[in-house]
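One structure below.
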Amino acid sequence: MSTSEWSGKGWTVTVTDTEVALAQASGPVTVSSTNAARLEVRRRWFRWSLRNDRRPLVHLRGITKTEASALLGALRRLAVTPAIADAVAWYAAVTQLLAGARTEQRWIPAETVDALLATRPEPRLVDRVPVAGCEPSLTADQLEAAGFLDADLESMVAGTNEQIMASELSTRRLFFDTIEKTPLNDEQARAVVCFDNRVQVLAAAGSGKTSVMVARAAYAVSRGFVAPGRILLLAFNKAAATELQERVAARFAAAGIDSSGLRASTFHSFGLDVIGRATGEKPRLARWLDQGEDVAMVLRIVDELRDASESFRYHWDLYRLLFANAPADLAENEPDGYDHATRQTGDRTFAGEVVKSHGERLIANFLYLNGVDYVYERPYDADVSDTAHSQYRPDFYYPGIDVWHEHWALGRDGKPPLEFQGYAEGMAWKRRVHAQHGTTLVESAWADVMFGDGLTKLKDELTRLGLTFDWNPDRPINDGRAKPMKHGDLARLVRTFMTHVKSNSWTAEDLDRRLAADVARLNGFRTRLFLEVYWPIHAGWEQRLAANRSVDFEDMLVQAAGHLEAGNISAGYDLIMVDEFQDASRARARLVRGLVKTPGRFLMAVGDDWQSINRFAGADLSVMTDFEALFGRGHQLALTTTFRCTQTICDVARTFVSKNPNQFSKPMRSAHQDPGPPVTVIQADDPAGALASYLDDLSTAVSGGSVPNGRDGTVSVDVLGRYGSERDVLPRHLPVNLHVRFRTVHGSKGLEADYIVIPGMTTGTYGFPSTIADDPVLDLAMPAPETFPHAEERRLFYVALTRARRAVLLITHPRRMSPFVIELLKDPHVTVTGNSDAPVQICPGCGQGTLVERNGKFGPFLGCSTFPACKHTRELQQRPTGTSPAARRRH
């Protein structure tokens with residue numbers, strides 16, 4: 001041990017390798033090397049002093065400048081000494097880790113890297129060494145260790161992991177070639193070897209994600225990383241869990257690997273087991289849920305509430321009949337009616353007229369259901385037309401009380417939309433007209449109706465003026481095309497909302513806070529009305545669960561997650577793999593997070609955000625897109641090669657679905673060399689006839705040998721409907737040499753066929769995309785609501801397209817063509833056929849419809865298929881300068 005000493009009048013400072021000792025009259029002071037950095041020697045007012053954290057310890061009387069400099073150097077060297085020791089120790093730990101990983105050929109996980117980074121000594125030690133003047137006394141290893149503190153550890157580990165990856169892919173090629181019946185490709189094998197704590201695998205449709213899960217489990221067991229009894233595979237339904245369990249058993253046995261104890265389970269079965277083990281009493285799932293009657297139960301609760309409470313009955317019907325189909329955006333405008341007398345487009349009302357806006361429609365329907373006698377846009381009694389104004393026609397007139405009514409298009413800021421030029425001036429003029437002629441004007445505003453108590457104020461004012469309101473939700477609707485929401489559809493909306501509320505453990509207070517902050521745009525009468533309907537149903541649902549001593553899916557998942565989080569039970573699994581992760585709810589995510597909260601756990605989540613189609617069942621896409629925030633950092637890998645679809649189908653499907661920027665961007669490649677035929681669109685007035693004709697032609701081609709049989713010796717055709725009611729499109733007599741099945745698109749998930757036919761590619765409430773799928777109120781119950789138009793419907797269409805091994809046929813009506821089809825018309829891999837020789841022309845006015853032949857009083861003409869939403873027309877004999885790529889490839 002080296003020792004240096006300095007002394008003067010009344011003081012002595014001794015510096016060793018481990019401490020600083022100060023002897024003085026007031027008593028000794030000792031400072032360890034770990035705190036030596038706080039010491040300094042300073043000169044102030046011609047006197048030197050030794051300071052600790054800038055406070056004087058002793059005045060160094062009699063010390064010379066040279067001695068003071070030597071003492072300061074000694075203190076700096078002492079301060080660096082423990083840092084050098086720490087650097088050497090950390091350097092040894094890192095090099096040992098890297099060497100060990102290369103020797104064992106085992107991936108270094110992020111958890112290990114994070115632990116090393118957390119213990120890394122303070123950087124820039126290499127700069128302090130020369131200042132301390134101790135560089136000559138340090139060994140080469142110590143100097144290297146000091147410099148190593150500033151190295152990029154993440155890059156070093158990544159490089160080592162890549163070396164391990166390359167070595168494993170090479171040395172274990174036989175394993176990757178034989179663990180499944182088909183050899184794993186490079187993407188699949190890399191996903192197996194990347195044994196990080198958190199791995200998210202984005203798996204394209206038909207890319208072999210199940211093979212990755214089975215191979216990863218086998219790899220973990222064969223390498224001795226995890227015992228089979230410590231591996232859990234989670235699936236979303238019983239069939240998938242059973243398939244995983246059977247496949248693991250078969251492939252492990254074929255490879256001579258022990259699979260005993262490895263468990264494949266549904267979330268629900270596993271969650272029930274967790275609760276049973278934690279509490280000693282395994283809960284029972286509500287019978288109506290096990291039988292798929294959740295919406296029916298909501299309807300039963302609604303019926304009871306309607307019978308017991310006039311207030312609930314009124315609120316339920318008010319939302320269903322008036323607000324469910326009312327846009328929550330003033331600027332939204334998709335007219336569904338046309339008034340031939342006035343030649344004006346607009347919105348259909350229950351009374352059978354066409355009004356100019358959805359705001360006026362809500363008022364008109366409210367008046368109609370209350371039995372109020374009104375006249376829409378009756379000319380004002382006095383002729384007030386002038387050079388600047390045509391004859392005045394107020395929105396509504398009440399002949400029984402001689403009162404006029406204007407419903408203003410005013411937003412929450414009290415102003416009309418910016419594109420409504422001169423609207424405010426028009427309001428002022430109309431008010432002056434009534435004032436000048438002494439007529440009574442009642443006023444209402446769109447924002448007040450949607451977000452305030454506008455309907456109540458209107459009713460009160462008209463009642464005061466002499467009108468009688470007689471609310472009758474069963475009043476016959478004069479216009480059959482003006483369809484209110486059905487009871488069952490509102491019940492489904494309530495059940496979907498409930499699923500998300502319970503998955504997120506939201507309370508009424510939580511939703512109130514969200515309305516005041518995160519989703520303030522929804523805060524208003526429409527949303528509050530829905531909540532007044534929802535919470536009594538929620539309470540009734542909970543009462544039934546309690547009475548039956550049972551739980552629902554969401555309760556079970558939340559309770560199981562709570563037990564895992566609280567440490568009430570150890571699940572006993574080190575490797576957890578989750579299938580179809582894009583369908584995970586927040587409750588499922590919480591359960592998974594509880595499983596991997598303990599260090600040393602490994603999670604692989606496999607899914608495809610492009611196939612997230614089960615929001616109605618609680619799926620929350622943000623669980624996948626916010627993976628790192630929820631579960632911790634790790635690796636995101638992609639399986640981009642599909643063994644199912646042709647490259648043509650890949651290109652069409654990927655281009656379509658990836659328009660949504662809020663999803664992951666990734667390529668999609670086919671393993672087949674033949675690019676396959678284009679996606680075909682058939683225009684047909686009779687979809688059933690078009691389907692029958694297509695099946696007959698395909699049957700003839702199979703019989704003639706021009707179309708070979710499929711995998712099982714036959715040619716399979718899946719007819720996919722957006723709704724189950726589309727099953728009626730199937731011919732009564734099917735070709736015997738074709739295996740034809742009908743499925744809903746949701747039901748087709750995970751399945752495939754040689755040919756896919758989608759017959760319902762039309763517009764409308766029950767078209768594709770469905771216009772009833774997304775109520776903005778759902779955003780209130782979801783932490784990260786989606787804003788891209790038809791986001792889930794687009795993913796549903798992607799799922800339908802990617803069920804095909806060989807080809808896809810879309811059947812559409814020429815006058816009600818789906819906007820999805822119109823979008824595909826611009827794709828060079830799509831072709832169009834039909835019963836007309838005229839090429840398909842996308843409407844240049846709106847870009848959302850096609851030009852179809854119509855008849856007017858001056859003869860036939862071309863008009864937009866979205867009429868009355870778009871009124872663009874063209875003379876029939878006028879030929880377009882350009883058509884869609886698909887139209888030019890007619891065959």
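The values are calculated or read from the model by the stated rules, or taken from the named source; none is laboratory data. Please read all numbers here as calculations on a predicted model, not as lab measurements. Using ideal geometry, Cβ is built from the backbone for each residue, glycine included, and neighbour counts are taken over all protein chains shown. The protein model used for the area step is the full one, side chains on, heavy atoms only, and it has no ligands, DNA or RNA in it. Shrake-Rupley method; radii C 1.70, N 1.55, O 1.52, S 1.80 Å.
General observations
- Gain in span if fully extended, residue 505 to residue 290, counting 0.36 nm per residue against the direct Cα distance: 75.2 nm
- Per-residue ellipticity at 222 nm computed for the chain from its helices equals -12000 deg cm²/dmol, with DSSP H segments shorter than 4 residues left out and the rest contributing -39,500 (n - 2.57).
- Summing Lys and Arg as +1 and Asp and Glu as -1 over all other residues whose Cβ lies under 12 Å from the Cβ of residue 249 gives a net charge of 0.
- Accessible area of the chain belonging to carbon and sulfur atoms, whole % at 1.4 Å probe: 50 percent
- For a straight C-alpha distance cut-off of 27 angstrom, the lysines reachable from residue 65 (same-chain residues fewer than eight places away being disregarded) are 9.
- If R0 equals 35 Å, the separation of the Cβ atoms of residue 144 and residue 44 corresponds to a calculated FRET efficiency of about 0.30.
- Sorting the segments 497-504, 740-747 by their mean number of nearby beta carbons within 10 angstrom, highest to lowest, gives 497-504, 740-747.
- Mean accessible surface per residue for the chain, computed with a 1.4 Å probe while every protein chain stays in place, in Å²: 45 Å²
- Here r is the Cβ-Cβ distance between residue 703 and residue 665 and R0 is 41 Å; the resulting FRET efficiency, rounded to 0.05, is 0.40.
- The loop-placed trypsin sites (Lys or Arg not before Pro) in the stretch 46-108, going by DSSP, that have at most 10 neighbouring Cβ atoms within 10 Å of their Cβ come out as 54.
- For the stretch 255-323, the spread of Cα coordinates along the three principal axes comes to 67, 32, 19 Å, biggest extent given first.
- Percent RCO, i.e. relative contact order, over the chain, from Cα pairs under 8 Å lying at least 6 residues apart: 11 percent
- Figure legend: label point modelled 7 angstrom from the Cα of residue 465 along Cα→Cβ; residues of the stretch 392-427 with amide N under 19 Å from it are 392-410, 427.
- Measuring only protein heavy atoms, the 1.4 Å probe finds residue 420 accessible over about 80 Å².
- Counted by Cβ distance under 10 Å from residue 607, the other residues give a net charge of -4, where Lys and Arg count +1 and Asp and Glu count -1.
- Cβ-derived FRET efficiency at R0 51 Å, residue 260 paired with residue 423, nearest 0.05: 0.10
- Counting only Cβ charges, +1 for Lys and Arg and -1 for Asp and Glu, the dipole size of the chain around its Cα centre is about 1900 debye.
- Fully extending the segment from residue 99 to residue 566 would add 164.4 nm, taking 0.36 nm per residue of separation and subtracting the current Cα-Cα distance.
- Charge dipole of the chain about the Cα centre (unit charges at C-beta), most positive-ward option of 157, 140, 472: 140
- Against the set [x] 1.10; [y] 0.99; [z] 1.02, the structure's computed Rg/Rh (Cα atoms, Kirkwood Rh) falls on [x].
- Taking 7 Å steps out from each Cα toward its Cβ at residue 535 and residue 115 produces label points 4.9 nm apart.
- Spatial separation of Cα centroids for the stretch 474-496 and the stretch 45-60, in angstrom: 86 Å
- Separation of the residue 512 and residue 169 label points, Cα + 7 Å toward Cβ, nm: 5.8 nm
- When the Cα positions of 829, 627, 511 are compared along the charge dipole of the chain, 627 comes out farthest toward the positive end, with charges on each C-beta of Lys, Arg, Asp and Glu.
- Cα-projected label distance for residue 547 with residue 344, points at 7 Å along beta-carbon direction, nm: 5.2 nm
- Residue among 429, 455, 724 farthest towards the positive dipole end of the chain, charges placed on Cβ: 724
- Taking the Cα atoms of the stretch 374-456, the ratio Rg/Rh between the radius of gyration and the Kirkwood radius comes to 0.97.
- Potential extension, residue 307-residue 728 segment - 0.36 nm per residue separation minus Cα distance: 147.9 nm
- With 27 Å as the limit, the listed pairs 666/749; 430/483; 486/659; 209/666; 415/659; 430/459 have 430/483; 486/659; 415/659 beyond it between alpha carbons.
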